[in-house]
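The values are calculated or read from the model by the stated rules, or taken from the named source; none is laboratory data. Computed from a predicted structure; not experimentally measured. So basically every Cβ, Gly included, is an ideal-geometry build from the backbone, and we count neighbours across all protein chains shown.
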């Protein structure tokens with residue numbers, strides 16, 4: 001364990017001696033807490049991290065237009081264009097793998113609900129459904145149902161383990177929430193929560209930001225911190241013990257996510273893929289989502305800021321956008337590929353710059369809440385491993401059935417509690433209509449269409465139906 005003098009030397013050699021400027025003013029308790037935080041930092045790599053962040057923030061955005069091409073047709077499956085025989089084959093393959101306990105789900109839940117305006121993890125959010133269910137409860141019930149469907153089809157009792165990556169901010173409240181809700185009826189030993197690493201936020205000139213006299217401003221290392229966290233917390237070993245060979249990875253905020261989707265899993269397994277991405281068609285060339293494509297022959301997600309408008313607007317002979325495969329952070333990964341990543345490719349993962357407003361203490365020790373961005377948070381993205389895949393595939397799904405993220409508070413134009421709630425209710429209205437039901441408005445009059453807005457306040461529990469069956 002490093003003593004204070006050693007920490008001082010490390011900080012000084014990294015050009016970060018200002019971190020201890022308020023040391024004389026701290027109480028013994030504050031000093032001990034600060035020392036604990038400093039000791040878990042990657043001190044030898046501190047200078048590299050800070051200088052790299054400053055360089056990256058100052059660098060112009062990359063333009064990749066001349067290097068990109070669409071994913072080849074043979075590596076793409078689609079809910080809309082694939083024939084019913086193929087879809088049924090993939091669904092059966094997925095249910096078979098689930099019945100054998102070979103499939104797990106992994107939830108990326110390290111972010112805070114800052115943009116949503118709540119002081120707790122997004123998974124605990126109630127979007128205002130008739131049932132008042134939170135995102136976590138909806139997801140837990142989908143796990144219940146898919147286990148039941150696979151078990152009924154194959155005459156077995158099966159388990160889909162739920163791995164939940166949290167951060168320093170979200171671990172304790174998430175653990176408490178699950179415990180208070182009796183793990184939503186799931187077996188606690190099959191819900192594995194673990195924490196991703198935190199890294200310091202830095203100024204534009206590469207100095208660590210203090211958010212208190214004895215506290216460094218820290219941030220999760222992005223959802224791409226998953227791969228280091230799997231190693232840190234021995235999650236791959238747990239998957240091996242449980243027999244999990246395939247992992248479905250998703251973000252907490254998508255209210256329509258299909259947990260361990262058997263069609264997606266079955267498609268990827270049937271294709272012999274080690275890595276797969278679900279995508280939705282972009283609604284317009286300018287939609288601000290990353291595009292799944294190839295860069296110099298290698299699968300990658302290209303951010304909307306990395307291609308020129310004229311490239312984004314390119315259309316094929318059928319009038320469809322050439323680069324239409326919108327990334328929705330919904331992925332298939334084999335355990336074997338994850339082992340490869342952790343052992344071989346970890347150090348090669350790209351770092352991304354996020355420019356943020358980071359509260360800090362000034363030289364006089366006063367807390368300042370900046371009105372404009374003042375700091376850099378470096379992140380890795382979960383899709384940064386695509387280029388290392390040996391067999392990468394893409395599966396296109398309908399946006400209205402599978403993607404409605406919750407990111408902003410009501411009042412924003414998109415991705416709000418209202419849009420998420422209405423997406424789910426509209427889906428359930430479509431299911432009911434397809435099953436022969438007639439939807440009525442509040443006056444008892446038949447609705448002309450299940451797509452009428454606002455949708456009928458009609459909700460189907462995931463315990464009853466997983467995808468409209």
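Yes/no matrix, rows are residues, columns are (1) assigned to a loop (DSSP other than H, G, I, E, B); (2) closer than 22 Å to residue 122 by Cα; (3) free of Cβ contacts under 8 Å to residues at least 60 places away in the same chain:
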| residue | (1), (2), (3) |
| --- | --- |
| 425 | no, yes, no |
| 429 | no, no, yes |
| 448 | yes, no, yes |
| 454 | yes, no, yes |
| 459 | yes, yes, no |
| 462 | yes, yes, no |
**Message:** Name the residue that is nearest to residue 270 (Cα to Cα), counting only residues in segment 394-423 that are part of a helix (DSSP H, G or I) and in contact with a helix residue (DSSP H, G or I) (Cβ under 8 Å, 6 or more places away or on another chain).
**Reply:** 401
**Item:** Test: residue in segment 299-314 that is in contact with a helix residue (DSSP H, G or I) (Cβ under 7 Å, 6 or more places away or on another chain), surrounded by fewer than 13 Cβ atoms within 10 Å (Cβ to Cβ) and more than 25 Å from residue 404 (Cβ to Cβ)
**Value:** yes
**Prompt:** Counting only residues that are in a loop (DSSP other than H, G, I, E, B), at pLDDT 90 or above and out of contact with any strand residue (DSSP E or B) (no Cβ under 6 Å at 6 or more places or on another chain), which one in segment 319-362 is surrounded by the fewest Cβ atoms within 10 Å (Cβ to Cβ)?
**Reply:** 319
**Message:** One residue is enough: does segment 175-183 have a residue meeting the conditions under 23 Å from residue 229 (Cα atoms), touching a helix residue (DSSP H, G or I) at 6+ places or on another chain (Cβ under 7 Å) and in contact (Cβ under 8 Å) with a residue 40 or more places away in the chain?
**Reply:** yes
**Fill in**
Matching residues in segment 55-86 (in contact with a helix residue (DSSP H, G or I) (Cβ under 9 Å, 6 or more places away or on another chain) and assigned to a loop (DSSP other than H, G, I, E, B)) number 6
**Message:** For segment 153-165, check the following and say yes or no: at least one residue is out of contact with any helix residue (DSSP H, G or I) (no Cβ under 7 Å at 6 or more places or on another chain), modelled with pLDDT of 95 or more and either more than 21 Å from residue 98 (Cα to Cα) or surrounded by fewer than 16 Cβ atoms within 10 Å (Cβ to Cβ) (or both).
**Reply:** yes
**Prompt:** Inside segment 166-274, counting only strands (runs of 3 or more DSSP E) that do not spill past its ends, which hold 1 or more residues that are surrounded by 22 or more Cβ atoms within 10 Å (Cβ to Cβ), in contact with a strand residue (DSSP E or B) (Cβ under 7 Å, 6 or more places away or on another chain) and at pLDDT below 95?
**Reply:** 198-200, 218-220
**Verdict on residue 129 being outside any helix (DSSP H, G or I), surrounded by 18 or more Cβ atoms within 10 Å (Cβ to Cβ), in contact (Cβ under 8 Å) with a residue 40 or more places away in the chain and out of contact with any strand residue (DSSP E or B) (no Cβ under 7 Å at 6 or more places or on another chain)** = yes
**Prompt:** Can you name the residue in segment 397-415 that is loosely packed, with under 15 Cβ neighbours inside 10 Å and modelled with pLDDT of 95 or more and, of all such residues, is farthest from residue 136 (Cα to Cα)?
**Reply:** 398
**Fill in**
All conditions in (1) closer than 26 Å to residue 280 by Cα; (2) surrounded by fewer than 16 Cβ atoms within 10 Å (Cβ to Cβ); (3) in contact with a helix residue (DSSP H, G or I) (Cβ under 8 Å, 6 or more places away or on another chain) are true of residue 90 except (2)
**Complete:** Checked against (1) on the phi < 0 side of the Ramachandran plot; (2) under 21 Å from the mean Cα position of the chain (by Cα), residue 260 satisfies every condition except (1)
**Request:** Out of the residues in segment 55-77 that are closer than 12 Å to residue 351 by Cβ and in contact with a strand residue (DSSP E or B) (Cβ under 9 Å, 6 or more places away or on another chain), state the one that is surrounded by the most Cβ atoms within 10 Å (Cβ to Cβ).
**Result:** 57
**Prompt:** Can you find even one residue in segment 141-150 that is part of a loop (DSSP other than H, G, I, E, B) and surrounded by 22 or more Cβ atoms within 10 Å (Cβ to Cβ)?
**Reply:** no
